[in-house]
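Engineer: Shown below is the structure under consideration.
Bear in mind these aren't lab numbers, they're just calculated from the coordinates by the rules spelled out. Here the structure is a predicted model, which is why all the values come from computation and not from measurement. Here the Cβ positions follow ideal geometry from the backbone for every residue, glycine too, while neighbour counts run over all protein chains shown.
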Amino acid sequence: MKHPIALVILLGLLLKSVQAAEPFTLEFSDNNRIELNQGELSAYLDRSSELSFKQIQQRQAEGKFQTLSGNLSVGYVPHVYWLHFSLRQPEQIDKPVWMEVIPPYLDSIQLYHLNEHGALSKRSGGDFVPQSRKEVDYRATVFKLLIEPGTHHFYLRLQTSSTMVASIRLWQPDDFSGYSRDSYFLFGLFWSLMMTVLLFNAANYLLSRRTVFLIYVVYLGLNSVQWMAINGFASEYLFPENPLYANLLLGISISLSAASAYLFFAVLYEYRKYHPFIYRVNQFGATVSLITAIATPLGYYQLFAPIMLFTAIFSLGTFLWPMWRLWQTGYLWNRMLVVSHMAYVLLISMNILGVLALIPFDESVTFTGMLSHLFHILTLHFAMMLHYQKLEQDHKRTMEEALNAQRQIAIEKIYREEQSQLLSMLTHEIKTPIAVIDAANASLKLLDEKIEHSAEDRSKRYDRIQNAVKRMNGVMEMALQKKHQEEFLPLELGEMDLVELTYEVVELNRIHALDRVDVRCEQPVMPIWADQRLIRIVLINLLDNAHKYSTPKSQIDIAISHQSNNSRAGIVWQITNAGEPIPEQSQATIFHKYQRGSEIHNQPGMGLGLYLVAGIAQKHQGTVTVENLPSAKIRFSVWLPGK
């Protein structure tokens, strides 16, 4: 039973060899090109990479070439591959036939043409041939063939430091020129879009200083260089006469582009924070990619590239977890990221599998990779713009809230300080009436012991106690008012006699003044319409101020007279004391909050008295001024409108 089966298999192989040896007829279809991917090609692996053309002819005659069902696609192998096909030209044609061999990154392509008469011609092409020596100024290799009637055999010797894939197409010159022109336009459109997105994100980085934009710019730049090298534009435009540099740029740009992709996606999707395992996978992938970039100029790119690409396939397979997390947020930009990344993973995986020869190679594999990048980059760009625009708005709102909070804290701090200072002032204000009450109480005790003292003396001391209590009540009322320093006290207007209030205040302060105060008033004095509680605070503060800063035992003069201000009748209350002049620069600020006079007297106080005086005067539509007089005297004047 075994011999018949073996015989059948042997006959099948012989039949296959016969079929492969049959040349195809050169007939251009409506597309005006012929793609040799329908069994026209056969291949042979030269593991020694040293076989001569005659030896290869012998291998082909022995049937050792294997028929390909499509294009050559064997992945990263360091050996030489030979391709063979034969064609029949039934009639003479005037125009040559152009043979295009892709991809552009095949290092060495040697074409052996054996015509009908057995004449052999040899030509060279590939990535290692300078642009000026190529038969056609094109990004890949193109041979111009003049095919006479008869049967022709073509052998191609292929060698590369990258992946061993190859596709052969036969063109009519005019049709090839049209295809080349259209493809260059599309490539230019691709890179113009890439550069537009790159420049836009570079501007975003300069404005926002966000690291993700800088990494994205690097990622876009390396991707652009990578696709230039893959499609042969690096050798055509960047290094036309230095093909070795273009060849090195291919491996280095692919490796660095992969490393930047790992870094960019790790930052964009926050792998370190949300997906530690994927973050470690990315770290490993980036490390392998960098090692591959270093190994390229040393001649080991073909060894490390498959490891780098298989790592990329594994990394792409982990995308479901972060994508599910982003989708669940419900934000538009996150869902755009998910859609773009899923499309990117699908298309770039096809590109990587094609390069690894795990699926059949075709030029569409390269275009699929470019399309995936373009779609992903454009969608990613808009998603990032939406996302970081929202972040900027949130950041701006947060900064405004923080600034408002800082302002509120500063205001509250000022209020607390002012409350503390107010308490100190109130304590000082209360000391005087307490001292008056204490002194009057002691005097009453002495009077009780000496009955001979008249009832008039007792009455005076009772009046002093009553005035001191009134002063304390006024101070307490002021303390109970909210925001007293901004709004002072609400006005309780009524008719009042300023002369009578002046004598009351002088009597209340007699413990300090003794007989130093001299009051003079112009008669008759018109009544004023004012809040007596607040005017009392004005007079008390000005009189206390005169006591503190006047020369010891010097006289204090109080004058009350009529005076008009801006054609409005009123009364001016003036207090004059001997003392050091107030500097001119201080006169403008002495009525400000916490501004004090000279400190040489070591007088207590917090600098709120004159501030309260000015505020109360303003509340009554009046004014308060200070001036230095001759003979080392100081005068404070309060003008209040008449009734």
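Engineer: For region 185-402, what class follows from the C-alpha gyration tensor (a ≥ b ≥ c being the square roots of its eigenvalues): rounded when a/c is under 1.5, otherwise prolate if a/b is larger than b/c, else oblate?
Structural biologist: Prolate, since a/c reaches 1.5 and a/b exceeds b/c.
Engineer: Near the amide H of Ile571, under 5 Å away, which other amide H atoms are found, from residues 5 or more places off or on another chain, if H is placed in the peptide plane?
Structural biologist: Gln563, Leu640, Gly642
Engineer: Moving to a separate point now. Is the shape of region 66-144 best called rounded, prolate or oblate, per the rule: a/c under 1.5 gives rounded, else a/b larger than b/c gives prolate, else oblate, with a ≥ b ≥ c the square roots of the Cα gyration tensor eigenvalues? Mind dumping the intermediate values first?
Structural biologist: Values: a/c = 1.87, a/b = 1.23, b/c = 1.52.
Cα axes put region 66-144 in the oblate bin.
Engineer: While we're here: So which of Lys593/Lys633; Lys54/Lys95; Lys54/Lys122; Lys593/Lys619; Lys54/Lys134 end up more than 20 Å apart, counting from Cα to Cα? Intermediate results must be reported in sequence, preceding the final value.
Structural biologist: Values: Lys593/Lys633 24 Å; Lys54/Lys95 30 Å; Lys54/Lys122 13 Å; Lys593/Lys619 16 Å; Lys54/Lys134 26 Å.
Flagged as over cut-off: Lys593/Lys633; Lys54/Lys95; Lys54/Lys134.
Engineer: If R0 is 51 Å, what FRET efficiency do you get for Ala202 and Gln408 from their C-beta distance, rounded to 0.05?
Structural biologist: Efficiency, from the Cβ-Cβ distance: 0.80.
Engineer: Can you tell me how much longer the chain between Asn32 and Val77 gets when fully stretched, taken as 0.36 nm per residue apart minus their C-alpha distance, in nm with one decimal? Spell out each step's value before the answer.
Structural biologist: Details: separation 45, 0.36 × 45 = 16.20 nm, distance 3.34 nm.
Here the answer is 12.9 nm.
Engineer: Modelling each spin label as a point 7 Å along the Cα-to-Cβ direction, I'd like the Arg568/Leu238 distance in nm, to one decimal.
Structural biologist: Distance between the two pseudo-spin positions: 8.3 nm.
Engineer: A further question follows. Compute the Cα gyration tensor for region 191-298, then decide on rounded, prolate or oblate, letting a ≥ b ≥ c be the square roots of its eigenvalues: rounded whenever a/c is under 1.5, prolate when a/b is larger than b/c in the other cases, and oblate in all that remain.
Structural biologist: Oblate is the answer for region 191-298, as a/c is 1.5 or above yet b/c matches or exceeds a/b.
Engineer: Among Gly369, Ile411, His395, flag the residue with its Cα farthest along the positive direction of the charge dipole of region 349-412, charges on Cβ as +1 for Lys/Arg and -1 for Asp/Glu.
Structural biologist: Ile411
Engineer: Could I ask something else about it? Determine the gain in length on full extension of the stretch Gln393-Gln587; use 0.36 nm per residue of separation and subtract their C-alpha separation, reporting nm with one decimal.
Structural biologist: That works out to 65.0 nm of additional length.
Engineer: Any chance you could run the full-extension gain for Glu507 through Arg123? It's 0.36 nm times the residue separation minus the Cα-Cα distance, nm to one decimal.
Structural biologist: Residue separation times 0.36 nm, minus the Cα-Cα distance, leaves 125.6 nm.
Engineer: Which log10 I(q)/I(0) values does region 138-262 give at q = 0.10, 0.17, 0.23 Å⁻¹ under the Debye formula, counting every alpha carbon as one identical point scatterer?
Structural biologist: Treating every Cα as an identical point scatterer, log10 I(q)/I(0) equals -0.46, -1.03, -1.38.
Engineer: Let me ask something else. Suppose each label sits 7 Å from its Cα in the direction of the beta carbon; what would the Leu378-Thr67 distance come out to in nanometres?
Structural biologist: Computed distance between label sites Leu378 and Thr67 equals 4.3 nm.
Engineer: With r as the distance between the Cβ atoms of Glu627 and Ser554 and R0 = 25 Å, compute the FRET efficiency 1/(1 + (r/R0)^6) and round to 0.05.
Structural biologist: Numbers: r = 18 Å, r/R0 = 0.71.
In this case the efficiency is close to 0.90.
Engineer: With labels modelled as points extended 7 Å from the Cα through the Cβ direction, what inter-label distance (nm, one decimal) is found for Asn115 paired with Asp175?
Structural biologist: Label-label distance for Asn115 and Asp175, simple model: 2.3 nm.
Engineer: Please give the FRET efficiency for Leu353 paired with Glu400, using the beta carbon to beta carbon distance and R0 = 45 Å, rounded to the nearest 0.05.
Structural biologist: The computed FRET efficiency comes out at 0.30.
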